[in-house]
Amino acid sequence: MIQSSELNRRHLVLVVEDQEINRDILGMILEDEYDLIYAENGAIGMEMIRENKDQLSIILLDLIMPVMDGFEVLRQLHDDTELREIPVIVLTAEKEAELKALQLGASDFITKPFDMDQVVLARVERIIELSERRQLIRSAERDPLTGLYTKGFFFEYADQIVKFHPDWKMDAIVINIERFHSVNEYSGREFGDKVLRKLADGIREFLKDTTGIASRIEADRFDIFCLHRDSSDYREVYDSLQSKLDEMSEKTNIRIRMGVKPYRDGVTPSEMFDRARVACNMVRGSNKDHMMIFDEDMRQMEMFQQRLMNDLGWAIEDKQFVVYYQPKYDIQAEPPKLKSAEALVRWKHPELGMISPGDFIPLFENNGMISQVDNYVWAVAARQIAEWRDKLGYLLPLSVNLSRAEIFDPKLEPYLEELLEENDLSTKELKLEVTESAYTDNAMELIDIIGELRKMGFEIEMDDFGSGYSSLNMLSSMPIDVLKMDMKFIRNLEEDIKNFRMIELILDIAKFLEVPVVAEGVETEEQMKLLKDAKCALVQGYYFSRPLPAEEFEALIIKEMNIDRNH
Ligand code: C2E
Ligand code: CA
Ligand code: CA
């Protein structure tokens, strides 16, 4: 991987400032290191930003200027997806303006009159460096094994296609490999990887002749978003992909299955892929047909979902939702020390059996019913903290998940307060996890609400960090207490240890933000040791424990208490 600084490119800096004297001073400080261009007000500044958007490394922006002020420039940058990644340092003489500028998305500020040259230089250099790291992390948009997009980016792009090309009619395709785990088991992982790459090649060939994008969503699931074609054409698409695999597997006979959701107006990409996946799962294990197009028959699945929605109310009353707990360990302690745990919900349905959150959380998130589940889970978690405190004399903070919609619910804060009061807890004991992608839309509003929650004393953990789209500008104004690194970074380590670089970049950004990192999905001792050496603070994953029901988790606490006593 090449970093632009390693190519010795001189960085381009735009100074937007109405006072000539200030432009001159900044020029003198920066000209040895950087290429500089100048604008004397915000309007000219915006023009120059648009002209140079691909070369600009950073903008130094005065706030008070004629014609268009710096606040307006920040606003316009923030509203433009192409420009919002460019880091901005605000030049300001007033303390009060700093906060507002940071809230509007500036990365940092330099006070006027200017500090010593070295201070100005160091700030500019540091912000450019951090912003480049952020970009590098985002280059994780491609799955290292197949070169296709990763899940988060794929859906982001799919949404953009719909937004910017509303006239394009797009189909959703989901492809899986039948019994892929046994392919891995019997023919070896290396062969399994080859199969995945071969299939990705086939998909790329298909996309050469049509407009579309593709992703390896996870393991052996591939999603394609492409221009609409006749249902009858999909038979051919299926056959050509399958024949790719036949070339390499005469004896093993690897089959793919495929589900298609043809274009329909007003259905979002994520809903389309939900349906394509339903279609794909319908043909699982079938020995007749391995391809299915989502059509009227598939109302069945929608009926299944309808069933879950109907059953929800009663399920809560009947206490069918069970909360599991997964520990987070401080790995810098020796031996690693239990610090807190995450509450994760499961649905023990009397007729449908154990349903995992992946099957119902997205469904309930889409239709707004999620708060019923979450309110219940938070209440159980809060009671559980109190119970362990009273019974074992052990105060274990728990974190709970907050869905995006709940954050904007005005009843959120009073409800949380009520739970704390009922159980005689403080805000330090119930922590809140908010997924990074929630921060991407409505960022300003969200920042305000999260800020409120933090003022109340709640600690906010940014979940799945690295899967969303937040820029360094956004990150530095985002109120958070902990970064939870997305599991994919640990999974990528299994592909290639070189991917550890990504993890180091994240740890570095966390250091800049002055927050600790929780690494999720850690399964092996080797991964744990790497993270420990890199000074990662906390680890959550199967290596320490799977999510456990309360009774089993209690045994874990008791064991930990004994370890403590023996120390
Ligand atoms: P999440 O918040 O990112 O939670 C972590 C998920 O990773 C959990 O899956 C956990 O069981 C799994 N996991 C933990 N360690 C490992 C590991 O070492 N290897 C692997 N392969 N997986 C590991 P789970 O419990 O199936 O939950 C899935 C998602 O559902 C969660 O992702 C979260 O987004 C959502 N969720 C779970 N419970 C709740 C809830 O009460 N409310 C809301 N809104 N969402 C929830
Ligand atoms: Ca979580
Ligand atoms: Ca997570």
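The values are calculated or read from the model by the stated rules, or taken from the named source; none is laboratory data. Just so it is clear, the model here is predicted, and its values are computed rather than measured. Neighbour counts are summed over all protein chains in view; Cβ atoms, including those assigned to glycine, are modelled from backbone coordinates with ideal geometry. Side chains included, ligands, DNA and RNA excluded: accessible areas come from the protein's heavy atoms. Shrake-Rupley method; radii C 1.70, N 1.55, O 1.52, S 1.80 Å.
Annotations
- Of the residues R235, R257, the single one that is touching a strand residue (DSSP E or B) at 6+ places or on another chain (Cβ under 8 Å), within 25 Å of E302 (Cβ to Cβ), open to solvent by 60 Å² or more (accessible area, probe 1.4 Å) and not in a loop (DSSP other than H, G, I, E, B) is R235.
For every residue, the table says whether it meets (1) in contact with a His (Cβ under 8 Å, 6 or more places away or on another chain); (2) assigned by TED's automatic domain parsing to the domain that holds L363; (3) polar (S, T, N, Q).
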position	(1), (2), (3)
D233	no, no, no
D239	no, no, no
Q242	yes, no, yes
E247	no, no, no
R255	yes, no, no
M258	yes, no, no
K261	no, no, no
G266	no, no, no
P269	no, no, no
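- Set side by side, the residues R255, R229, R197, R204 differ, and just one is without any contact (Cβ under 8 Å) to a residue 60 or more places away in the chain and in contact with a helix residue (DSSP H, G or I) (Cβ under 9 Å, 6 or more places away or on another chain), which is R229.
- For S215, the test of being of a type outside the set (D, E) and loosely packed, with under 14 Cβ neighbours inside 10 Å is failed.
- Screening T150 against (1) open to solvent by less than 20 Å² (accessible area, probe 1.4 Å); (2) closer than 15 Å to R257 by Cα leaves a single unmet condition, (2).
- In segment 471-491, the residues that are more than 17 Å from L77 (Cα to Cα) form Cβ pairs under 7 Å with partners that are within 11 Å of ligand 3 (Cβ to nearest atom) and of a type in the set (F, W, Y), at six or more places apart or across chains, as follows: L483/F465; K484/F465; M485/F465; D486/F465.
- Any chance I447 is at pLDDT below 95, more than 16 Å from ligand 2 (Cβ to nearest atom) and out of contact with any His (no Cβ under 7 Å at 6 or more places or on another chain): yes
- Qualifying residue in segment 365-385 (condition: open to solvent by less than 70 Å² (accessible area, probe 1.4 Å), in the same structural domain as L420 (by TED's automatic domain parsing) and in contact with a Cys (Cβ under 8 Å, 6 or more places away or on another chain)): no
- Within segment 538-550, residues that are in a loop (DSSP other than H, G, I, E, B) reach partners that are within 13 Å of ligand 3 (Cβ to nearest atom) and open to solvent by 30 Å² or more (accessible area, probe 1.4 Å) with beta carbons closer than 9 Å, at six or more positions or on different chains, in the pairs G541/M487; P547/L344.
- Reported count of residues in segment 347-363, each being within 16 Å of ligand 3 (Cβ to nearest atom) and either open to solvent by 50 Å² or more (accessible area, probe 1.4 Å) or modelled with pLDDT of 95 or more (or both), is 3.
- Among the residues of segment 395-410, those that are at pLDDT 95 or above and either open to solvent by 30 Å² or more (accessible area, probe 1.4 Å) or farther than 19 Å from S340 by Cα (or both) comprise L395, N401.
- The residue that is farthest from ligand 3 (Cβ to nearest atom), counting only those in segment 523-548 that are within 17 Å of L344 (Cα to Cα) and touching a Phe, Trp or Tyr at 6+ places or on another chain (Cβ under 7 Å), is L548.
- Per-region count, segment 178-191, residues in a helix (DSSP H, G or I), open to solvent by 80 Å² or more (accessible area, probe 1.4 Å) and either at pLDDT below 90 or not assigned by TED's automatic domain parsing to the domain that holds Y238 (or both): 3
- Which numbered condition I175 fails, given (1) open to solvent by 10 Å² or more (accessible area, probe 1.4 Å); (2) outside the structural domain of M46 (by TED's automatic domain parsing); (3) over 22 Å from the mean Cα position of the chain (by Cα): (1)
- For segment 402-428, a residue qualifies if it is touching a Gly at 6+ places or on another chain (Cβ under 9 Å) and more than 11 Å from ligand 1 (Cβ to nearest atom), and the qualifying residues are S426, T427, K428.
- Picking from residues in segment 429-458 that are assigned to a helix (DSSP H, G or I) and among the hydroxyl-bearing types (S, T, Y), the one that is nearest to ligand 1 (Cβ to nearest atom) is S437.
- L419 vs. criteria at pLDDT 95 or above, within 18 Å of R454 (Cα to Cα) and either in the same structural domain as I480 (by TED's automatic domain parsing) or open to solvent by 30 Å² or more (accessible area, probe 1.4 Å) (or both): yes
- Taking segment 292-411 and the helices (runs of 4 or more DSSP H) fully enclosed by it, the elements with 3 or more residues that are in contact (Cβ under 8 Å) with a residue 24 or more places away in the chain and within 16 Å of ligand 2 (Cβ to nearest atom) are at 357-367, 370-392, 404-407.
- Residue that is surrounded by the fewest Cβ atoms within 10 Å (Cβ to Cβ), among those in segment 459-507 that are assigned to a loop (DSSP other than H, G, I, E, B) and within 15 Å of ligand 2 (Cβ to nearest atom): D481
- A search for C-beta distances below 7 Å between a residue of segment 29-40 that is in contact (Cβ under 8 Å) with a residue 24 or more places away in the chain and any residue that is among the basic types (K, R), counting only pairs 6+ apart in sequence or on different chains, returns Y34/R10; D35/R10; Y38/R23.
- Applying the set (1) surrounded by fewer than 18 Cβ atoms within 10 Å (Cβ to Cβ); (2) modelled with pLDDT of 95 or more to E520 leaves exactly one unmet item: (1).
- Any chance M309 is open to solvent by 40 Å² or more (accessible area, probe 1.4 Å), assigned by TED's automatic domain parsing to the domain that holds Y234 and not charged (D, E, K, R): no
- Every listed requirement among (1) open to solvent by less than 20 Å² (accessible area, probe 1.4 Å); (2) within 30 Å of H78 (Cβ to Cβ); (3) out of contact with any Gly (no Cβ under 9 Å at 6 or more places or on another chain) is met by I557 save one, (2).
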